[in-house]
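Report on the structure given below.
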Amino acid sequence: MNDVRWWQSGAIYQVYPRSFQDSDGDGIGDLAGIAGRLDHLVTLGVDALWLSPIFPSPMADFGYDVADYCGIDPRFGTLADFDALLAAAHDRGLKLLLDFVPNHSSDRHPWFAASRTSRDDPKRDWYIWRDPAPGGGPPNNWISDFGGSAWEYDAATGQYYYHAFLKEQPDLNWRNPDLRAAMLDAMRFWLDRGVDGFRIDVLWHMIKAAGFPDNPPNPDYRPGMGAMNAVLQLHSTDQPEVHAIAAEMRAIADGYDGDRVLIGEIYLPVPRLMAYYGTDDSPGTHLPFNFQLIDAPWDARALHGAIADYEGALPPGGWPNWVLGNHDRQRIASRVGEAQARVAAMLLLTLRGTPTIYYGDELGLRDGAIPPHCVQDPRELREPGLGLGRDPVRTPMPWDDSANAGFTRGEPWLPLNPDSSARNVARQSDDVGSMLTLYRQLLALRRAHPSLAIGDLTLLDGSGDVLAFERRWQGECVIVALNLGNREQRFDLPLSAGFPRLLLSTLPDAPPNEVADGRTIFLAPDEGQILLAERR
Ligand code: NOJ
Ligand code: MG
């Protein structure tokens, strides 16, 4: 395991800083709060935390609108608080990743303030300005991911600027060498401070087709899908030139000691996603986020196919990664239900590749109910009622059964989930049958068994609702068999399995597994099992 990197064998934990732990009573989570909760991550057994953006921001998109790439928003703390958090994380053997948002800044960034003053301003070209279409109106038909035209008219200079997200998030022009240099310097600023890498926001958006042609209509578009889906983002995203940017970022990260890692946020079909690994000569991100488990139907055959396709498409040397949820997507426990969320946890933590756990999923947290007067997310406010809002997956972390579940002594910025007094870290810590205990057991097994952490993967033939695979490393072989349905399933072990011993079941009170003939196991409804193949 000598040349295995920490980001290959380890597990990553995503913290949404507003919602993790408040320390100063303003109802908003902060860096000092996170620092006070690091022991939760240690006991859980993860290796790194990724913080969603903590930079100064008007918070139009809750930090994904950055007004200064080299500072800390006062709501989250100070640079000194950040250094203290980083040191505390490192003291505990945890790596810390930041969320770099290079595609767009805030419209309050001083660069944009300068850019919009005149067509001749030196920073004009740091953003994307175009004349109106010949007959007037926006330069082309591109649609913001948050609905409406992606172009905003600026009367002062008579041009439109492009924003793939909110109009408060103007896109930066990465074709401009000065902008590019300034942004790469911002990455160096944090790497110099000791961060262990970045998750890179919407990497595939960073370069747009030079001629700004109209995007083609989406033939599959139906009302209710969100306006962004009316066109295919053919010319506004995933342009070939983006790979040179990823390679430049990678070269910077690789220039530092200690295995700094780059994780790209990329929502693309698998074949196109793979390009973001780069090539041997020009490596890209270490881990282009793989959202197959979020997007595939929760069905054994569909997941088998998605895993096979993804594994089969990986470039030589490309290390896989998996994720069940994040701050933009429905929580796994809401999507697949409580019982299957346990199976999902076992899948996430036994597949080959780096898992990323979204905060709260280790408790089986579900989407919160957000009353209309509490809605915060601009996505929901702009296209209400379509189920696109992200507040439900950003509710405060429940720690214990004290007021506000120990999240804040003030008024929480989003309501806590109604079950927080029962579903919280303290309660689940003492409960051998809890989701938290299952996550801890799974992460401990990954540490104890190299075949789970870094071994090869072979999908096994399962029928019905069974999804099964083998993980092997040197002499060790672990078999994972998951029942994705709610009826008992029979599974015939491969002949090579020897006489397997049950290491862990998702059912807390599962009877010891009798593999009488050494060949057949029965999975209870919604049960997953990890077996260690032992020769007799
Ligand atoms: C992707 C982020 O995950 C999402 O939260 C954000 O709104 C957009 N990028 C824009 O930065
Ligand atoms: Mg606070």
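Checking each residue in the range 26-57 for being open to solvent by less than 10 Å² (accessible area, probe 1.4 Å), in a helix (DSSP H, G or I) and within 16 Å of ligand 2 (Cβ to nearest atom) picks out Leu31, Gly33, Ile34.
For the range 47-103, filtered to residues that are among the aromatic types (Phe, Trp, Tyr) and within 21 Å of Asn173 (Cα to Cα), the residue that is nearest to ligand 1 (Cβ to nearest atom) is Tyr64.
So, in the range 51-62, exactly how many residues are in contact with a Phe, Trp or Tyr (Cβ under 7 Å, 6 or more places away or on another chain) and not polar (S, T, N, Q)? Matching residues across the range 51-62 total 4. Within the range 227-240, the set of residues being open to solvent by less than 40 Å² (accessible area, probe 1.4 Å) and within 21 Å of Arg250 (Cα to Cα) comprises Thr237, Asp238, Gln239.
Every residue, every condition in (1) open to solvent by less than 50 Å² (accessible area, probe 1.4 Å); (2) closer than 15 Å to Leu351 by Cα, yes or no:
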{"residue": "Ala453", "(1), (2)": "yes, yes"}
{"residue": "Thr458", "(1), (2)": "no, yes"}
{"residue": "Ser463", "(1), (2)": "no, no"}
{"residue": "Gln474", "(1), (2)": "no, no"}
{"residue": "Glu488", "(1), (2)": "no, no"}
{"residue": "Leu493", "(1), (2)": "yes, no"}
{"residue": "Phe499", "(1), (2)": "no, no"}
{"residue": "Pro508", "(1), (2)": "no, no"}
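Yes or no, residue by residue, for (1) surrounded by fewer than 21 Cβ atoms within 10 Å (Cβ to Cβ); (2) farther than 22 Å from Thr350 by Cα; (3) in the same structural domain as Glu470 (by TED's automatic domain parsing):
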site	(1), (2), (3)
Gly410	yes, yes, no
Trp413	no, yes, no
Ser420	no, yes, no
Arg423	no, yes, no
Arg427	yes, yes, no
Thr437	yes, no, no
Arg447	yes, no, no
Pro450	yes, no, no
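Just one residue in the set Arg250, Arg175 is open to solvent by 20 Å² or more (accessible area, probe 1.4 Å) and out of contact with any strand residue (DSSP E or B) (no Cβ under 8 Å at 6 or more places or on another chain); that residue is Arg175. Restricting Ala89, Ala133, Ala84, Ala113 to those that are over 24 Å from the mean Cα position of the chain (by Cα) and under 30 Å from Trp6 (Cβ atoms) reduces the list to Ala84. Contact map, the range 349-365: residues that are at positive phi paired with residues that are among the hydrophobic types (A, V, I, L, M, F, W, C), Cβ distance under 7 Å, separation 6+ or inter-chain. Pairs shown: Gly353/Trp319; Gly353/Trp322; Gly360/Met397; Gly364/Ala333; Gly364/Ala341; Gly364/Met435.
Filter the range 256-282 for residues that are among the charged types (D, E, K, R) and free of Cβ contacts under 8 Å to residues at least 12 places away in the same chain; which is farthest from ligand 2 (Cβ to nearest atom)? The residue in question is Asp281. Once the range 87-106 is narrowed to residues that are in contact with a helix residue (DSSP H, G or I) (Cβ under 8 Å, 6 or more places away or on another chain) and open to solvent by 10 Å² or more (accessible area, probe 1.4 Å), the residue that is nearest to ligand 2 (Cβ to nearest atom) is Ala88. What number of residues in the range 205-216 are open to solvent by less than 20 Å² (accessible area, probe 1.4 Å) and either touching a Leu at 6+ places or on another chain (Cβ under 6 Å) or free of Cβ contacts under 8 Å to residues at least 40 places away in the same chain (or both)? Final tally of qualifying residues: 3.
Check the range 5-25 and report whether any residue there is among the basic types (Lys, Arg), more than 16 Å from ligand 2 (Cβ to nearest atom) and within 20 Å of the chain's Cα centre (by Cα). Yes: the range 5-25 contains one or more residues that are among the basic types (Lys, Arg), more than 16 Å from ligand 2 (Cβ to nearest atom) and within 20 Å of the chain's Cα centre (by Cα).
How do the helices (runs of 4 or more DSSP H) wholly within the range 375-470 filter down when requiring 3 or more residues that are at pLDDT 95 or above, under 22 Å from the mean Cα position of the chain (by Cα) and of a type in the set (A, V, I, L, M, F, W, C): which remain? Result: 435-448, 450-454. Counting the residues of the range 152-177 that are under 18 Å from Asp61 (Cβ atoms) and in a strand (DSSP E or B) gives 5. Does at least one position in the range 217-226 carry a residue that is open to solvent by less than 40 Å² (accessible area, probe 1.4 Å) and within 27 Å of Pro384 (Cβ to Cβ)? Yes, the range 217-226 contains a residue that is open to solvent by less than 40 Å² (accessible area, probe 1.4 Å) and within 27 Å of Pro384 (Cβ to Cβ). Within the range 1-35, being under 22 Å from Arg472 (Cβ atoms) and of a type outside the set (A, V, I, L, M, F, W, C) holds for Asn2, Asp3, Arg5, Gln8, Ser9, Gly10. Within the range 130-168, the set of residues being buried (at least 21 other Cβ atoms within 10 Å of the Cβ) and free of Cβ contacts under 8 Å to residues at least 60 places away in the same chain comprises Trp151, Tyr160, Tyr161, Tyr162, His163.
The values are calculated or read from the model by the stated rules, or taken from the named source; none is laboratory data. Quantities reported herein were computed from a predicted structural model and do not represent experimental measurements. All Cβ positions, even for glycine, are placed from backbone atoms using ideal geometry, and neighbour counts span all protein chains on display. Areas reflect the complete protein model, heavy atoms only, side chains present, ligands, DNA and RNA absent. Shrake-Rupley method; radii C 1.70, N 1.55, O 1.52, S 1.80 Å.
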